[in-house]
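Q: Just dropping this structure here.
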Amino acid sequence: MNALAIDCAVSKLTVSAKSDRTFVKYSIDAGLKQSEKLLPAIDYVMEQAGLTPADLDYTAVTLGPGTFTGLRLGLSALKALNLSNGTPVYGIPSLKAYAWPYRTAIETVLPLLEAKEDEFFCSFFIRGQQLGQEEDLKIEDILKRMDPETSVLACGPGAKSFTERTLELTPLYSVHAFTPEGDCTESLLEIAEDMIQKKEPPLEDYDGPLYVRKSEAELVLEAKKNSSQAAGQ
């Protein structure tokens, strides 16, 4: 199948395109220039794979959690292809995509994305099954949910920093990070094709990113609203 996948959960954008004979991947740590870099990256991998937008059978994207800007950009780009060519868009939760390669691991799998200093978007997986919902937790709260006697495999972009901090705080915990951390575009493609085979629906027009926490703008607005209400009492 011909497909395009975008991992836009972190500032390092990764875009992959594949056909039956070719796989092309391009990564760039775009920082605050994600909006400038995404479309040229899409054009590049599509050209290298010998594909046009009309050739695509489906697209896939990290749905969240992740950076507000990156998630909106990735989803908007693929929805534009959907509007112009009817290409179905499959939104995959970011943590599921990062945990996917380790779905047969005997350890408890903990995919992580850094949210703030010592705070992570995370969820636990056992043999590919997610336990609970995606959460935004401080490292101390994540450790409280871990069994010190159980081996945990940390993965995803936040795995290295989480493991280093865990060993500083609680060196007796059995936590190790799989390296290299990499991206998850291959996982996005595999999961999407698994969904297609199972006849699971793609995203609807009104579906948006999966946000686990409020944006800074929302928090500021909420604080101003609470301050005004308190002043009026």
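Q: Given the DSSP H assignment, sum -39500 (n - 2.57) over each helix run of at least 4 residues in the chain and divide by its residue total; what's the result at 222 nm in deg cm²/dmol, nearest 500? The partial results should precede the final answer.
A: Working: 7 runs with 86 residues, N = 233.
Theoretical 222 nm ellipticity from helices: -11500 deg cm²/dmol.
Q: On a 30 Å Cα-Cα criterion, which of the cross-link pairs 12/79; 37/198; 96/199; 18/116; 138/199; 116/199 come out too long?
A: Numbers: 12/79 21 Å; 37/198 34 Å; 96/199 19 Å; 18/116 34 Å; 138/199 37 Å; 116/199 37 Å.
Pairs exceeding 30 Å: 37/198; 18/116; 138/199; 116/199.
Q: Then there's this: Please find the FRET efficiency linking residue 129 to residue 194, where r is the Cβ-Cβ separation and R0 is fixed at 22 Å, and quote it to the nearest 0.05.
A: The calculated FRET efficiency here is 0.95.
Q: Let me ask another. Between residue 144 and residue 83, what is 0.36 nm times their sequence separation minus the Cα-Cα distance? Round to one decimal in nm.
A: Working: separation 61, 0.36 × 61 = 21.96 nm, distance 4.54 nm.
Fully extending the segment from residue 144 to residue 83 adds 17.4 nm.
Q: Ignoring ligands, DNA and RNA, what percent of the 1.4 Å accessible area of the chain is carbon and sulfur?
A: 52 percent
Q: Let me ask another. Solvent-accessible area of residue 184, probe 1.4 Å, all protein chains present, reported in Å² to the nearest ten, please.
A: 0 Å²
Q: Quick one: give the max-minus-min coordinate of the C-alpha atoms of the chain along each principal axis, largest first, in Å.
A: Answer, in whole Å and largest first: 55, 51, 32 Å.
Q: While we're looking at this one, here's another question. Could you identify which residue out of 163, 69, 150 has the top mean-square fluctuation in a GNM of the chain using Cα springs shorter than 10 Å?
A: Highest fluctuation among the options: 150.
Q: Along the Cα→Cβ direction, 7 angstrom out, place labels at residue 117 and residue 33. What is the inter-label distance in nm?
A: The answer from the label model is 2.7 nm.
Q: Between residue 164 and residue 54, what length in nm is gained on full extension when 0.36 nm per residue of separation is reduced by their alpha carbon distance?
A: On the way: separation 110, 0.36 × 110 = 39.60 nm, distance 4.55 nm.
That pair, residue 164 and residue 54, stretches by 35.1 nm at full extension.
Q: Okay, moving on. Where only protein heavy atoms count, and the probe is 1.4 Å, what is the accessible area per residue for the chain in Å²? Mind showing how you got there, number by number?
A: Working: 12360 Å² over 233 residues.
Result: 53 Å² of accessible area for each residue.
Q: Under the Karplus relation 6.51 cos²θ - 1.76 cosθ + 1.60, θ = phi - 60°, what is the ordered set of whole-Hz ³J(HN,Hα) values for segment 94-109, x standing for Gly and Pro?
A: Listing the rounded values in order: 4, 5, 4, 5, 6, 7, 3, x, 10, 5, 9, 5, 7, 7, 6, 9 Hz.
Q: Counting only DSSP beta bridges with both residues in the chain, tell me the antiparallel percent, nearest 5. Provide the component values of the computation, followed by the final result.
A: Details: 24 of 40 bridges.
Roughly 60 percent of the beta bridges in the chain run antiparallel, per DSSP.
Q: Excluding residue 85 itself, what net charge comes from residues whose Cβ is under 11 Å from its Cβ, given Lys and Arg +1 and Asp and Glu -1? Display every interim value, and only then the final one.
A: Numbers: positive: none; negative: 55, 57.
Spelling it out: positives minus negatives among the neighbours equals -2.
Q: Determine how large the accessible area of residue 38 is when every protein chain is in place; take a 1.4 Å probe and give Å² rounded to the nearest 10.
A: 10 Å²
The values are calculated or read from the model by the stated rules, or taken from the named source; none is laboratory data. Everything numeric in this text was worked out from a predicted model, so none of it was measured. In this analysis, Cβ positions are derived from the backbone assuming ideal geometry, glycine residues included, and neighbour counts consider all displayed protein chains. Side chains are part of the model used for accessible areas, which takes the heavy atoms of the whole protein and leaves out ligands, DNA and RNA. Shrake-Rupley method; radii C 1.70, N 1.55, O 1.52, S 1.80 Å.
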